[in-house]
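Just so you know, all these numbers are worked out from the coordinates, no wet-lab data involved. Since the model is a prediction, treat every value here as computed from it, not as a measurement. In this analysis, Cβ positions are derived from the backbone assuming ideal geometry, glycine residues included, and neighbour counts consider all displayed protein chains.
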Amino acid sequence: MLKIEHLTKCYGEKKAVDDLSLHIQKGEICAFIGHNGAGKTTAIKSVCGILRFDAGEIYIDGISVKEDPLAAKRLLAYIPDNPDLYDFMTGIGYLNFVADIFGVDAALRDERIHRFTDMLELTADLAQPIAAYSHGMKQKLAIISALLHEPRLLVMDEPFVGLDPKAAHLLKELMREMCREGTAIFFSTHVLEVAEKLCDKVAIIKGGKLIRAGKMEEVKGDTSLEAVFLELEGKQ
Amino acid sequence: MIKALFKKQMIEVFSYLFMANKKKTRRTGKALVCALALYGVLFAYLCVMLFFMAKFLCETLVPLGLTWFYFAIMALMSLVMGIIGSVFNTYATLYLAKDNDTLLAMPIPPRYILFARLAGVYVSGLFFELLVMLPATVAWFMYGEPTVLGAIFAVLLPFVLSFFVLSLSCLLGLLVAAVATRIRHKSLVITLLSLGFLGLYFWGYSKLMSSLGDLLTVAGDIAEKVKGPLFLFYHMGRAAEGNGLSMLIFTSIVLGIFLAILFPLSRSFLTLATTNRGAARKAYRRARTAQRSALKALLVRELKHFLASHVYMINCGLGVLMLPIMGIMLLIFKDDVQTMLPLLEALCKNADTVYLLFAAMACMMMSMIYITAPSVSLEGKHIWIVQSLPIEPRKVLYAKLLMHLVIAVPAALVAAVCLLIVISPSLPFLLLIPLAMLLFLLLEALFGLFMNLKFPNLNWTNEAVPVKQSMSVLVSLFGGWAMTVALGALYVPLHGHVSPALYLVLVCAVLLGLCAALFQWIRSKGAEIFATL
């Protein structure tokens, strides 16, 4: 579903992502881990067509992000690490805006909006302006907006930051359910325990380079993901 | 500590000059020289335009011994500019800055934060105020009889006067903040409050200016009459003449007013900056919404943003209000205008030339509508949303253009209809005047968007920064005026060779050509730039 091949992205002289290759199949959850400034967000933004990259290719379900970004974007949904949403809109206004862009018809969006807002306990706040939302509420709204068009690839940057324990639990459940239905999920996180329990795959990035990637069981072996990560961090 | 805060505030105020925002890096070398030159030329152009008026007033009033009145008039004009420059962004700068929470969490006394913010408002006001006071002072040096002390005081006066602008701005900011924490339709109320304040000021100002018609004959009497109400400016003018006592009185009063406003401002800053009692909670009622096209959804998004931001509405859309007001005023004073028409026709030596004059005036007024000029910058940190959604970048830009037109065209049409009723022109002008107005409006929308794509600023702490302190806004506003003046001036050498109607046809053709060129650039190169911001 997601095929990243030799991705390279530079900021001036500095290579933020250096020759990164990674494949994620349908129904797989892949954790993307690395220290601060390792290049996770840059790689994620490149996947979502927000950043243009210098070399390599990214395919979403066979569609090149470089050649046909609109078609690729129709298949994915992105949730950033800091959900800066439109403060001037209400929650329901924002969800309708996103649904309009994806062309989700009225009946379907109504059903989906209320299914997810009920699940994440945000329905009562939908008429409030986003400016009045807490960080966690904005994060929930960003998650709901990402699910409205039933994406085939869900890309998330630190999705659990700001969520209360119940919402975090629900999000994990939702991720598992989506995977069962064939959606691929690629997300960055610093919570290694979550990654270890939730993910089929893991990719570890350091200084822009992918230093380890594979099935979770293969990467961590008999130890924990934390131990592997710390060992790799120390080695390089 | 306070030095660091001031530095941060000044970096923000002058970010449009020193930051190449597209790359989020500091401008250096050629880029910095170009930016400084562009602003310098713009500033100089406006100063030169105002210099001729200052020269006229100076040459008229100074020989009559009314130097103080000359400075009073110029000070009042500079206050208008200063107020336009700072009053509408004071509330946003002081209380809505996105870094308020960050700074308040640091071991910084809140009053230091307030002082730094006030410094930003002071500098913004000073910049606009100097557009008038600089040529006024130069004219006074050239055509007045300044003493050494008077010259020193004249240089210092604009800096003192700017504290008066700051005081007025803070007063409104305080009032707005007090109201804004308690209401639901915050933007609407703030907009009405600000417009009311502006209307009140302009009413007083126009009362004074209406006296200027008789100035040449009864300047002494008028000056004597207004000496009392303009006590403050009387002493300002006397100070420019070299009167030390008047300088002391003027400075003391201005600083006294500022300190009197600073006291409640300082006491309430923390409460107002951190309070969001806002509106009563609105209950959500489930209702099915009709599906919109992507372009319509983007247009609605733009309109919601515009209507939710009083800073945006007041600064960039003031012309939308002024145009119908101008039209209705023309209808109200229809008889007076029609009496004036033969005089103007005699002056222009051609009846049809008068219509060109009216068309130019309408275009001047429409230059005050520059809604697209900060629209790209206002995407700010939200830009990831449109960049990650499956939307063609050019559609986002089309929505911005459409917003400008949806808001401005009805106002322009009302003004055009009123104008045409009053001046009752011949058939060609009946068609050409509204056409020229609409094309100018479209050009303003395209030019604003073009400038903002060339000079975007996505990193700001409050909306007043992209809306007021940005290259795109300044160039769009003054560029519209410059364009009108240039098109008007171009007629002077052609007068007698080309009929006014043909000239207006040529103007329409030029406007259309410019619109086509800018539109082509926006849909190709502009869309490319937007996608990579």
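Condition check ((1) under 22 Å from B:His310 (Cα atoms); (2) surrounded by fewer than 24 Cβ atoms within 10 Å (Cβ to Cβ); (3) within 13 Å of another protein chain (Cβ to nearest Cβ); (4) not aromatic (Phe, Trp, Tyr)) across all residues:
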{"position": "B:Met368", "(1), (2), (3), (4)": "yes, yes, no, yes"}
{"position": "B:Val386", "(1), (2), (3), (4)": "no, yes, yes, yes"}
{"position": "B:Leu402", "(1), (2), (3), (4)": "yes, yes, no, yes"}
{"position": "B:Leu405", "(1), (2), (3), (4)": "yes, yes, no, yes"}
{"position": "B:Ile421", "(1), (2), (3), (4)": "no, yes, no, yes"}
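Looking only at region B:450-500, which residues are under 24 Å from B:Val354 (Cα atoms), of a type in the set (Gly, Ala, Ser) and in contact (Cβ under 8 Å) with a residue 24 or more places away in the chain? Within region B:450-500, B:Gly479, B:Gly480, B:Ala482, B:Gly488, B:Ser499 qualify.
Counting only strands (runs of 3 or more DSSP E) wholly contained in region A:150-210, the ones carrying 2 or more residues that are closer than 22 Å to A:Ser224 by Cα occupy A:184-188, A:201-206. Within region A:50-83, the set of residues being assigned to a loop (DSSP other than H, G, I, E, B), at the interface with another protein chain (Cβ under 8 Å from one of its Cβ atoms) and more than 22 Å from A:Lys138 (Cβ to Cβ) comprises just one member, A:Arg52.
Taking residues in region A:161-182 that are touching a residue at least 24 places away in the same chain (Cβ under 8 Å) and farther than 14 Å from A:Val194 by Cα, and partners anywhere that are outside any helix (DSSP H, G or I) and of a type in the set (Val, Ile, Thr), the pairs with Cβ atoms closer than 9 Å and at least 6 places apart or on different chains are A:Met178/A:Ile29; A:Met178/A:Ile185; A:Cys179/A:Ile29; A:Cys179/A:Ile185. Selection of first residues in region A:84-102 that are more than 7 Å from every other protein chain (Cβ to nearest Cβ) and of second residues that are crowded, with 22+ Cβ neighbours inside 10 Å and basic (Lys, Arg), restricted to Cβ pairs under 8 Å at least 6 apart or on distinct chains, gives the following pairs, ordered by first then second residue: A:Leu95/A:Arg109; A:Ala99/A:Arg109.
Number of residues in region A:12-51 that are farther than 25 Å from A:Gly182 by Cβ and touching a helix residue (DSSP H, G or I) at 6+ places or on another chain (Cβ under 8 Å): the value is 5. For B:Leu341, the stated conditions do not hold, so it cannot be described as within 30 Å of A:Gly49 (Cβ to Cβ) and assigned to a helix (DSSP H, G or I).
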